[in-house]
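Comments concern the structure below.
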Amino acid sequence: MKIGFIGVGSMAKAMIRGFIKSNQVKPRDIFVHSKHAENYKNFSKDYDLNAMDSNEEVIDSSDYIILAINPDDVIDVLKNVRDLLDNKVLISIVWDYDLQRLEELTNYDLPIMRMVPNVNVEENSGSIAYNYNNNLQDNQLSSTINTFKLLGKMIKVSEDKINIAGSLVGCTPAYAYLFVEAFSQIAVKYGINKKDANVMLTQAVKGSMETISKSSLSTSDLIDNVCSPGGSTVKGLLALKENGFENAIMKCFDATQGRH
Ligand SMILES: NC(=O)C1=CN([C@@H]2O[C@H](COP(=O)(O)OP(=O)(O)OC[C@H]3O[C@@H](n4cnc5c(N)ncnc54)[C@H](OP(=O)(O)O)[C@@H]3O)[C@@H](O)[C@H]2O)C=CC1
Ligand SMILES: O=C(O)[C@@H]1CCC=N1
């Protein structure tokens, strides 16, 4: 499968690194272009990709085109390439651009898949919420899913829920990093060096996520299991609640749902 990237920013780079780490996608089957030559040419050289001189050339060389640009650039970019997309599959990772808008900006026959990935795709442990329009053929769907499964878990979501799923999938890594960063800073205050604190915290968080995904217990039961009666955990938990942890999470999530 020849994969083209229009835009080679943080997310495209994470996807490309994930594809290469999987050993299932050859660097020479990846074609890239972005706005600034110094950005995409250096990256392309580092990974032995095909650096193309224009978005048009990316499309010409690829079967599956990943639109990996920011929402404000979509209208201009698609205006210039919409007539070149015949017989291609467009995969958009653009935040808050629904399938209907993408169809309006291209042509109504184009197979389009919409995805919200997260940066963990770089380590092949990402998640990708996705949906697609009716123009996508079964073989296009299965080959896309088989390829993107290399990057992590694929989760099909209806169009009316994809922004909500997108916040859960796409934004959460930053909050998880902040959670670890906040605890590691306090560990430094108590005299543990940050590197050791990060090792301990990362393993504790990773193990907890593993437990959530494998256990038959609900998350609230799992919390209860950690809280020994009269113990430290419940005191910490109540301190979190008293200081607005859950309210802060709610505000955080609401903020991610603001339209651009
Ligand atoms: N970062 C994340 O974790 C996630 C991001 N997304 C979505 O993915 C999209 C990209 O995000 P992200 O990678 O973080 O953003 P970046 O700002 O890092 O990357 C944007 C890319 O778009 C390129 N670009 C801008 N104009 C053009 C153009 N005319 N032609 C070709 N390329 C162009 C830029 O080029 P150059 O580098 O040369 O300046 C850059 O490579 C966004 O819509 C975002 O919402 C979705 C889920 C998660
Ligand atoms: O911050 C953003 O808008 C993008 C979408 C999800 C993660 N990064």
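Take every DSSP beta bridge whose two residues both sit in the chain, then give the antiparallel share in percent to the nearest 5. Walk me through the numbers before you get to the answer.
Working: 4 of 26 bridges.
Of the beta bridges lying entirely in the chain, close to 15 percent run antiparallel.
Quick one: of Lys214/Lys235; Lys26/Lys214; Lys13/Lys189; Lys2/Lys206, which pairs are farther than 29 Å apart, Cα to Cα? Provide the component values of the computation, followed by the final result.
Values: Lys214/Lys235 27 Å; Lys26/Lys214 33 Å; Lys13/Lys189 35 Å; Lys2/Lys206 34 Å.
In this structure, Lys26/Lys214; Lys13/Lys189; Lys2/Lys206 exceed 29 Å between Cα atoms.
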Output the 0 to 90 degree angle, nearest 10, between the alpha-carbon long axis of helix 194-214 and the longest principal axis computed from the alpha carbons of the chain.
80
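What FRET efficiency would be calculated for the residue pair Cys227, Tyr175, taking the C-beta separation as r and a Förster radius of 25 Å, to the nearest 0.05?
On the way: r = 23 Å, r/R0 = 0.90.
For R0 = 25 Å, the calculated efficiency reads 0.65.
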Radius, Kirkwood style, for region 67-157 when every pair of distinct Cα atoms is counted (Å)
13.5
Where a ≥ b ≥ c are the square roots of the eigenvalues of the C-alpha gyration tensor, would you call the chain rounded, which needs a/c under 1.5, or, failing that, prolate if a/b is larger than b/c, or oblate?
prolate
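Give the accessible surface of the chain per residue, rounded to a whole number of Å², with probe radius 1.4 Å and ligands, DNA and RNA excluded. Working shown, then result.
On the way: 14900 Å² over 260 residues.
Result: 57 Å² of accessible area for each residue.
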For region 1-78, with the dipole built from +1 on Lys and Arg beta-carbon atoms and -1 on Asp and Glu ones, taken about the Cα centre, which of Leu78, Ile30, Ser54 lies farthest toward the positive end?
Ile30
Within straight cross-link reach of Lys88, meaning Cα distance under 18 Å, which aspartates and glutamates are found once same-chain residues fewer than 8 apart are removed?
Asp29, Glu56, Glu57, Asp60, Asp63, Glu103, Glu104, Asp109, Asp138
Just to confirm the number: angle between the C-alpha axis of helix 172-189 and the first principal axis of the chain, 0 to 90 degrees, nearest 10?
40
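Top to bottom by accessible area (1.4 Å), largest first, where do Arg28, Arg114 land? Present the calculation step by step, with values, prior to reporting the outcome.
Numbers: Arg28 120, Arg114 5 Å².
Listed by decreasing accessible area, they come as Arg28, Arg114.
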Roll a 1.4 Å probe over the protein heavy atoms and report the accessible area of Arg82 in Å², nearest 10.
80
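At 1.4 Å probe size, with the rest of the protein present, what percent of the exposed accessible area of region 117-254 is carbon and sulfur atoms? Numbers along the way, then the final one.
Details: 5390 of 9030 Å².
Heavy-atom surface of region 117-254 belonging to carbon and sulfur, 1.4 Å probe: 60 percent.
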Return the distance in nm (one decimal) between the two label points of a simple spin-label model at Asp46 and Ala204, each offset 7 Å from Cα along Cα→Cβ.
3.3
Take each of the peptides 215-228, 3-16, 129-142, average the number of other beta-carbon atoms within 10 Å over its residues, and list them starting from the highest.
3-16, 129-142, 215-228
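The values are calculated or read from the model by the stated rules, or taken from the named source; none is laboratory data. In this text the structure is predicted, and so the values were computed from the model without any measurement. Here the Cβ is made from the backbone with ideal geometry for all residues, glycine too, and neighbour counts use every protein chain on show. Calculation scope for accessible area: heavy atoms of the full protein, side chains included, ligands and nucleic acids excluded. Shrake-Rupley method; radii C 1.70, N 1.55, O 1.52, S 1.80 Å.
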